[in-house]
1. Quick one: how many residues across the range 16-51 are polar (S, T, N, Q), within 16 Å of the chain's Cα centre (by Cα) and open to solvent by less than 70 Å² (accessible area, probe 1.4 Å)?
2. Run down 68, 39 and say which single residue is among the small types (Gly, Ala, Ser) and farther than 20 Å from residue 19 by Cβ.
3. Every residue in the range 1-25 that is touching a helix residue (DSSP H, G or I) at 6+ places or on another chain (Cβ under 6 Å) and hydroxyl-bearing (Ser, Thr, Tyr), please.
4. Could you please find all residues in the range 1-15 being open to solvent by 30 Å² or more (accessible area, probe 1.4 Å), more than 30 Å from residue 71 (Cα to Cα) and not β-branched (Val, Ile, Thr)?
Amino acid sequence: MSAGFFARYGIKGTTMELVSEELHISKRTIYEYFPDKTALLTESIRICIDNNLKEIRMKIVGSGCLQALMSTADLAYKLFAMPHPAAIRSSPTA
């Protein structure tokens, strides 16, 4: 869920307070797993990349070569078409 917050509100707009409120957990609980917001962002990015790679692998295994290439290109386009979280300036209250 934190990846969605970073994508929507940007790095500066995503606070540990926002994450804790949206997940209905205390900030202390978040800090038990992530020492800071950078660690949370890094893990969010890693999970997104892993999920995209799994989806690509499943499409390759479940289809022919041409279809796999088309699916991979489509997924890559979607991945790179997303704006960088730092470029988004909206705030959680906006």
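1. The qualifying residues number 1.
2. 68
3. 2, 14, 20
4. 12
The values are calculated or read from the model by the stated rules, or taken from the named source; none is laboratory data. It should be emphasised that the depicted structure is a prediction, and the values quoted were computed from it without experimental measurement. Every residue, glycine as well, gets a Cβ built from its backbone with ideal geometry; the counts of neighbours run over all protein chains shown. When the accessible area is computed, the model is the full protein with side chains, heavy atoms only, and any ligands, DNA or RNA have been set aside. Shrake-Rupley method; radii C 1.70, N 1.55, O 1.52, S 1.80 Å.
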